[in-house]
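Input: a single structure, listed below in structure tokens.
Throughout, read-outs are computed from the coordinates displayed, never taken from laboratory work. Everything numeric here is computed off the predicted structure, so don't read it as measured data. Reconstructed Cβ throughout: ideal geometry from the backbone, glycine too, with neighbour counts over all protein chains shown.
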Amino acid sequence: MRAPRGFELAGVTAGIKESGRSDLGLIYSPHPLAWAFVGTTNLVKAPCVSRNRARFATGQPVRAVVVNSGNANCANGERGIWDNEDLAGAAAAALALDRVQDVLTASTGVIGVPLPVDKLKAAVPRAASDLTGDTAAFAEAILTTDTVAKEAAVTLSSGARVVGVAKGSGMIHPNMATLLAFVMTDARVSQERLREAWPRVVDVTFNQVSVDGDTSTNDMAVVLSSQLVPADPDELEAALREVCEKLARKVARDGEGATKLITVRVTGGRNEQEARAAAKAVAGSMLVKAAVHGADPNWGRVLAAIGRSGAVCDLANVRVRVQGVDLYRGSPLPFDAAHVSALLRHEEVVLEADLAAGEADAEAWGCDLTADYVKINADYTT
């Protein structure tokens with residue numbers, strides 16, 4: 001996929017992964033980049049998250065992002081902090097940047113294993129020399145258990161573009177954060193407006209994805225702007241949301257071991273926050289995920305998830321639909337179980353609930369729970 005103007009990317013193999021797949025990605029711009037950041041709220045966090053958050057607090061522009069996959073560099077003590085800084089320094093040197101602070105860092109992979117920083121530092125100059133205006137190599141280099149690269153793009157009316165790249169397959173249940181996502185745009189936007197809009201975008205997209213209920217130590221979402229093309233701020237925010245929603249759906253569909261994408265649509269919420277909470281509770285329910293995998297039209301699990309979500313609902317008027325079929329409306333409705341079960345065998349499943357408490361609506365995305373998910377995570381480090 002073509003990157004927006006003012007961006008170059010690369011992905012190379014540093015030798016971290018036993019598979020031999022690429023594991024070092026680089027984003028670079030010759031222009032100072034306006035940017036915004038959202039990182040994990042997990043109290044156990046990797047040095048890359050803490051470092052980027054500190055950089056974000058300064059309000060200063062950046063020029064590059066260096067990402068490694070195959071090792072989270074988390075819970076490695078002081079060594080992990082210094083290794084993260086060494087990687088940033090190697091990227092700054094390879095890109096001839098005056099300040100190491102101009103480089104953001106990100107890591108993803110196994111927790112508690114020392115980062116092979118020497119291998120990464122040796123590979124950084126090669127990544128810098130391989131920079132191109134295409135996102136494909138970078139998108140591949142940031143993957144871990146993902147089965148496919150995840151990219152999305154939208155073009156604004158002014159010709160400005162928004163292009164996003166994400167990774168995520170397991171340990172996905174973000175809370176004010178996301179997997180790893182890097183969204184680039186050449187749209188001209190003030191730093192203040194970008195930082196104001198980004199948390200709103202993340203809240204209704206990446207924060208509405210749940211694969212397994214676990215929030216990662218390394219989650220982050222970064223948006224970067226080269227500021228080269230005029231753009232309407234409202235149109236830009238809508239484009240950011242569209243790109244991030246596309247990426248969120250791709251992450252859910254590629255959940256570890258998944259065979260189905262689950263979309264949960266909630267209407268009738270008392271407010272948007274409660275509608276989002278209800279949708280995410282259903283999408284994240286292991287019982288719902290298991291039922292979808294088995295093509296079991298067990299609508300009671302949807303109701304139960306809504307009930308524990310904290311969202312107010314009028315049970316006498318609540319409505320539940322599975323694949324477009326009404327199963328509950330204040331009380332159970334008669335339905336053809338074999339027909340609904342057949343519909344649940346489709347690769348995309350839509351669960352709908354009307355809370356009958358207001359006018360707010362929301363969506364969330366998840367995937368089915370399979371035996372392969374257990375196999376992948378039972379043998380993750382062995």
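Brief remarks follow.
- Between D296 and A96, the simple spin-label model (points 7 angstrom out along Cα→Cβ) gives 6.3 nm.
- Cβ crowding within 10 Å, taken as a proxy for footprinting-reagent exposure, orders D372, D254, D361 from fewest neighbours to most as D372, D361, D254.
- Two-site FRET efficiency, L43 against E18, from Cβ-Cβ distance with R₀ of 30 Å, rounded to 0.05: 0.50
- The calculated FRET efficiency for A54 paired with D118, based on their beta-carbon distance and R0 = 25 Å, is about 0.50.
- Mean separation of Cα contacts under 8 Å, 6 or more apart, over the residue count of the chain: relative contact order %: 17 percent
- Within the straight-line cut-off of under 20 Å between alpha carbons, the lysines reachable from K250 are K150, K167, K260, K280, K289, sequence neighbours fewer than 8 places apart in one chain being disregarded.
- Förster-model FRET efficiency, 56 Å R0, A337 and S190, C-beta, rounded to 0.05: 0.50
- Length gained when the stretch R329-K375 is fully extended (0.36 nm per residue, less Cα-Cα span): 12.7 nm
- Descending by average beta-carbon neighbour count within 10 Å, the peptides 102-108, 92-98, 267-273 line up as 102-108, 267-273, 92-98, the highest first.
- Radius 10 Å from Cβ of S285, net charge of other residues (Lys, Arg +1; Asp, Glu -1): +4
- Neighbour counts of C-beta atoms inside 10 Å place M286, M184, M1 in the sequence M286, M1, M184, starting with the fewest.
- Helices in the chain, meaning DSSP H runs of at least 4 residues, each add -39500 (n - 2.57). Divided by all residues, the mean residue ellipticity at 222 nm is -10500 deg cm²/dmol.
- Pairwise label distance in nanometres, R345 with A316, each label 7 Å out on the Cα-Cβ vector: 4.1 nm
- Among E196, E352, E347, the ranking by other beta carbons within 10 Å of each residue's beta carbon, starting with the fewest, stands as E347, E196, E352.
- Separation between Cα centres of the range 27-56 and the range 346-363, rounded to whole Å: 33 Å
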